[in-house]
Amino acid sequence: MKKRIFVIALAVMLILVFGQAVFAPDCTPDATRGCSGSAVWWFDSCGNPSRLDRYCAYNEDCIEGNCVRRCGNGRCDSSENCNTCSQDCGCSSSQRCSWSGQCETFCGNRQCDGSENCNTCVSDCRCGSDQRCSYSGQCETFCGNGKCEGNENCNTCFQDCGCSKSEECAPGNSRADQRGCASLCGNGKKDFGEDCTSCELDAGCGSSTYCYNSRCVDCIKDEHCATRDNPTGMFICSPDFRSTLEKVVRKAGVCQNNKCTGEELETTKPGKQCGNMLCQADPDGRNSHCGCNEGYVACLATGKCEKTGELEDGSNCGCYHQCKSNYCSRDGKCMRALNTILSSEKNLISAGESTAVTISADNTLGTDIPVKLTLNIETGASMSGVIGGADCTGNQCTGGLMIVPAKGRTSVEVKIDGRSAAKVKLTSVITPVIEGAEYPKTEELFITVMDSDDGKCTEGETSSNACVDCGCPEDTTFYSYSCDKKENSCDKDVGWWMYMIIGILVLVIVLIYLGATKGKELYARLASEREARQAEKEKAEKAEKAKEDVDRKKVVKALYKMKIDAENPLSVHEAIKKLDMDVDDDIIEEEYQQMLRRMKKEPGVKPSAVSAAKLPTFCTKCGARLKAGVKFCTKCGSVVKGR
């Protein structure tokens, strides 16, 4: 039984291993040549790639199984354009290739050209930090941008062109600067706070004395030279941060014995005027300069350079640049007026696949907030849809305007279509307009576009998702457009019926396994019964044989007593009748014939041999005892051989 189960299991395993090769239609390897990407492959008769023939050169294309030189000859032929042959018909760095194969300028080429302006293409035509974009698309200065320019002066825009305490607003004065501010020093009178240091013109010491530490002294140096200051070349900011002060060393006192006595002290003298740029010390603190350091912005509300994005919500602020939330309320508190999120449904797509990009804005204020939206996307993908009334088709979307309700949320969605393999940057400029002031915020998002059959292993592609471009992992080969460990390149189509047969065979194995124990018990029981019947049969035959031997002895003894005449013996029938014994007539006949042969001195045969060879006493088919003289078994009807 175990051997039978093992043979069945082995047969099923062979069917599972070789079933595909046996039952599937055969495929002829290397039947035809075809193209896969930019390479020529051999295909079998079933249409599956079997092995690589060759890679086409950079200036060749694979067409109908052959590498054809189409592009890269150095000239832009009539049948070529920037789409079909970028090597010969490539566009300039400020242009891109349209779907029709024409080179055209586009938003995002870092050049403000064509019909672009700060409204239609903010990435190329971005206004300066001191300008804003008007609704007509022109960059213009405005009061409150931190710079005194254009027609602004201390009278028309004190916020940008305000005068310091040491100045007076006098736009018509010949001494006034571009802000319209004129220094109090030089007006011919000594104003409050002026001294020989701050205003030598109005509070000078004269020709016979020298100014030292804001007071007039007799001497500064022994030589009484005209140079009274020893500059150090180092600068600090003035108290109002509107100018720099150069550090100097001065020595002053009174003249005694032709010597100038006194102390040597450090002081300053006026340096450069910084205006609205303000003054800030270097990071190391050793020197100061006009203009703010990196990461700082001039804040006229506080009168100094403030660090950008430093303050948490609820902190005191003077300008919106200071707040992490990018908004400083009217009462000078940082708060998150508008929470914006730029998200994508999928960050990895294939060429021809689409994903949805959502711009969400949450308003925390108690009033509605109008928000300007600008969306730009780099080459490799395009967008479609409408945002805030603006048509977002192609690579840019400008002029969108949406209203975020008080304490509410507004979301807009745009569809992004993958075009070619690239890591595409999506830039969104979200500008809420609060109380007439704009607070722009830039959000960026990257979407990787894969083209798994362009012959180039680009970002996002691996041997797992693009083995045609990136090759197969170690220990695998390119098989049926995927990486597999199969060595046979012919892919055979296995029908559903093959899988059904395999399933039935597996079920049979399971049933055999589950019934193995009961089958073994049944087999043991049947074998035991068979052995019992055989033992009983042998016992019966032995008893029958013993009885036959006894009967034969009785017959022989009786025949000897009959005094048979050898010359005129009785017939067999007469002898049987005369003996009248309860013995099988066949036995009497056999023994009587044997005795007659002995009496005639003929060689004889043993009665048992005669009985076994010529005159069987049992049916060879059913085992029933045979009566004397019968030719057919009285139990099963079989012909008795030897009678």
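Worth a mention:
- Filter result for LYS346 (in a strand (DSSP E or B), within 44 Å of the chain's Cα centre (by Cα) and among the basic types (Lys, Arg)): no
- Of the residues contained in the range 201-212, none is found to be closer than 23 Å to PHE241 by Cα and surrounded by fewer than 17 Cβ atoms within 10 Å (Cβ to Cβ).
- Count of the range 312-343 residues which are of a type in the set (Ser, Thr, Tyr) and in a loop (DSSP other than H, G, I, E, B): 4
- Filtering the range 308-331 for residues that are closer than 30 Å to MET234 by Cβ and basic (Lys, Arg) leaves an empty set.
- Residue in the range 378-389 that is assigned to a loop (DSSP other than H, G, I, E, B), of a type outside the set (Val, Ile, Thr) and open to solvent by less than 20 Å² (accessible area, probe 1.4 Å) present: yes
- Any chance GLY637 is modelled with pLDDT under 80, touching a Pro at 6+ places or on another chain (Cβ under 6 Å), of a type in the set (Gly, Ala, Ser) and open to solvent by less than 60 Å² (accessible area, probe 1.4 Å): no
- Selection status of ASN293, assigned to a loop (DSSP other than H, G, I, E, B) and surrounded by fewer than 17 Cβ atoms within 10 Å (Cβ to Cβ): yes
- Pairs linking a residue in the range 308-324 that is touching a residue at least 40 places away in the same chain (Cβ under 8 Å) to a residue that is not basic (Lys, Arg), with Cβ atoms under 7 Å and 6 or more positions apart or on different chains, are TYR320/ASN326; TYR320/TYR327; TYR320/CYS328; TYR320/TYR439.
- Test: residue in the range 396-406 that is open to solvent by 70 Å² or more (accessible area, probe 1.4 Å), outside any loop (DSSP other than H, G, I, E, B), at pLDDT 65 or above and of a type in the set (S, T, N, Q): no
- Here ALA540 meets the list (1) surrounded by 10 or more Cβ atoms within 10 Å (Cβ to Cβ); (2) over 30 Å from GLN594 (Cα atoms) almost entirely, failing just condition (2).
- Members of the range 349-371 found to be under 17 Å from LYS441 (Cα atoms) and not in a strand (DSSP E or B), listed by number: THR364
- Of the residues making up the range 536-576, those that are in contact with a Leu (Cβ under 9 Å, 6 or more places away or on another chain) and either part of a helix (DSSP H, G or I) or touching a residue at least 60 places away in the same chain (Cβ under 8 Å) (or both) are VAL555, ALA558, LEU559, ALA575.
- Of the residues making up the range 579-596, those that are surrounded by 13 or more Cβ atoms within 10 Å (Cβ to Cβ) and either modelled with pLDDT under 75 or not hydrophobic (A, V, I, L, M, F, W, C) (or both) are ASP584, ASP585, ASP586, GLU589, GLU590, GLU591, TYR592, GLN593, GLN594.
- Qualifying residues in the range 10-41 (those that are at pLDDT below 65 and open to solvent by less than 60 Å² (accessible area, probe 1.4 Å)) - the one farthest from the chain's Cα centre (by Cα): ALA11
The values are calculated or read from the model by the stated rules, or taken from the named source; none is laboratory data. Please read these numbers as outputs of a predicted model, since none were measured by experiment. A quick note on method: Cβ atoms are made from the backbone with ideal geometry, for glycine too, and the neighbour counts reach across all protein chains shown. We work out accessible area using only protein heavy atoms, side chains counted, and drop any ligands, DNA or RNA first. Shrake-Rupley method; radii C 1.70, N 1.55, O 1.52, S 1.80 Å.
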